[in-house]
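The values are calculated or read from the model by the stated rules, or taken from the named source; none is laboratory data. Just so we're clear, the structure is a prediction, and the values are computed from it rather than from any experiment. A quick note on method: Cβ atoms are made from the backbone with ideal geometry, for glycine too, and the neighbour counts reach across all protein chains shown. Note: accessible area is taken over every heavy atom of the protein model, side chains too, but ligands, DNA and RNA are not part of it. Shrake-Rupley method; radii C 1.70, N 1.55, O 1.52, S 1.80 Å.
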Amino acid sequence: MMKKSGTQRIISPTCYGFIILSLFLFLVFSVLLSITFGNADISIGEVYRVIFYEIFHMNRFSEFSQGAVHDVVWLIRFPRVILALAVGMGLSVCGAIMQAVVKNPLADPYVLGISSGASMGATLAILFGFGAIFGENFVGIMAFLGAMITSFFVLVIASIGRGTSTGKLILAGMAVSAICSACSNFAIYMAHNQNATSEVIFWTMGSLANAKWDTVVLILPIMIIGTLIFCSQFRNLNLMLLGDETSITLGTNLRKIRISYMILASFMIGFAVYVAGTIGFVGLIIPHAVRMVVGTDHRRLLPICALVGANFLLWADVLCRSILKNSELPIGILVAMIGAPCFIYLMVKHSYGFGGEKI
């Protein structure tokens, strides 16, 4: 059963449990089905024989232990599916967190320019080797640093004057995003490296084509642990929607907590940009849509955001692999084509409560 209470939507524990179970089962189904899609002509039976051999090492399927079919399924498609799941989950959760931190339903990594900051950091690392002292994963670390610095820069600019407002935050994000994009383009222009430049340009459009098991092993734990940490912080996140003055009267100073959340979110966004490039609107649209169903309580909002985001990006990647014959559409382009009209529709046709304010 679902009902409204003021600006809040209240669903029963049974209904919430059913939603969670349905989304989880659909995610499992999506993972198993999406592996069968692709330009290579491979039968469903061959796909699952490869997977069964790799997971259970069944001798009856040993003929699929190597060869072209094995490589396409196990080394290309399967890690790509898991990577899409991880990135979609991370971006959706980080979008919801940032909206709570700044108390602004229009906040997300893409709109606020944080993805552009991560992109700039990774671009400088790829083209000029900046941050090589950090070791093998220096590109990811530079993307994280770019995301974190950009996020705080946007908040500082937006807070100048009489406090932060929606308009100032969006304008600050647009300005910082433009600066980061200009710096990235200037770096590409000055690099004089055609191969690296082509890689960066395609990467900035968003792509999961370079998914590997080494990448998945790195990214999936980061996204899962980050999501679990944020889910455990639902009380503080709900308190942020009430404002700092209210939280102080309740004995909680949110300033340090807010900074720690931004650092963790920037960490997740930075690595998401590192492995998948710039993918916008996921962190904006998914929390909006989920709030319309379950309300603003982060105890229920975040788990559903994680599952919906994972399902959404997984199937968006399937479309990218299937919509063009013998080619692939960059996922950032497809998500923007889907996300922007959906966002306009949500803004025009619907409204919901956000921290007690009708949006």
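Taking first residues from the range 273-294 that are over 30 Å from Trp213 (Cα atoms) and partners that are assigned to a helix (DSSP H, G or I) and of a type in the set (Lys, Arg), the Cβ contacts under 7 Å between residues at least 6 apart in sequence or on separate chains come to Val294/Arg300. Scan the range 302-316 for residues that are among the small types (Gly, Ala, Ser) and open to solvent by 50 Å² or more (accessible area, probe 1.4 Å) and the total you get is 0. Of all residues in the range 171-182, those that are closer than 14 Å to Gly146 by Cα have Cβ atoms under 6 Å from Cβ atoms of residues that are open to solvent by 60 Å² or more (accessible area, probe 1.4 Å), 6 or more apart or on another chain, in Val176/Phe153.
For residues in the range 106-123 being of a type outside the set (Ser, Thr, Tyr) and open to solvent by 10 Å² or more (accessible area, probe 1.4 Å), which is nearest to Ala336 (Cα to Cα)? Going through the qualifying residues, I end up with Val111. What number of residues in the range 51-92 are over 21 Å from Val28 (Cα atoms) and buried (at least 17 other Cβ atoms within 10 Å of the Cβ)? Qualifying residue count for the region: 4.
A quick yes/no check of all residues on (1) surrounded by fewer than 19 Cβ atoms within 10 Å (Cβ to Cβ); (2) among the hydrophobic types (A, V, I, L, M, F, W, C):
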| residue | (1), (2) |
| --- | --- |
| His192 | yes, no |
| Thr197 | yes, no |
| Ser207 | no, no |
| Asn210 | yes, no |
| Thr215 | no, no |
| Leu218 | yes, yes |
| Thr227 | no, no |
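Restricting attention to the range 154-164 and to residues that are without any contact (Cβ under 8 Å) to a residue 12 or more places away in the chain and part of a helix (DSSP H, G or I), the residue that is nearest to Leu264 (Cα to Cα) turns out to be Val156. Restricting the first member to the range 31-50 and to residues that are under 14 Å from Asp71 (Cβ atoms) and open to solvent by less than 30 Å² (accessible area, probe 1.4 Å), and the second to residues that are aromatic (Phe, Trp, Tyr) and in a helix (DSSP H, G or I), the beta-carbon pairs closer than 8 Å and six or more apart or on different chains are Ile35/Phe78; Val50/Phe61; Val50/Phe64; Val50/Trp74.
Among the numbered conditions (1) farther than 19 Å from Ala265 by Cα; (2) open to solvent by less than 70 Å² (accessible area, probe 1.4 Å); (3) modelled with pLDDT under 85, the only one that Cys183 does not meet is (3).
Check whether at least one residue in the range 317-337 is modelled with pLDDT under 90, closer than 13 Å to Gly280 by Cα, of a type outside the set (Gly, Ala, Ser) and buried (at least 20 other Cβ atoms within 10 Å of the Cβ), and report yes or no. The answer is yes, given that some residue of the range 317-337 is modelled with pLDDT under 90, closer than 13 Å to Gly280 by Cα, of a type outside the set (Gly, Ala, Ser) and buried (at least 20 other Cβ atoms within 10 Å of the Cβ). Inside the range 296-336, residues that are in a helix (DSSP H, G or I) and farther than 24 Å from Val31 by Cβ make up a count of 3. If the condition is being open to solvent by 10 Å² or more (accessible area, probe 1.4 Å) and not in a helix (DSSP H, G or I), then the range 280-295 contributes only Phe281.
Looking only at residues in the range 130-153 that are modelled with pLDDT under 85 and in a loop (DSSP other than H, G, I, E, B), which one is surrounded by the most Cβ atoms within 10 Å (Cβ to Cβ)? Here the residue is Asn137.
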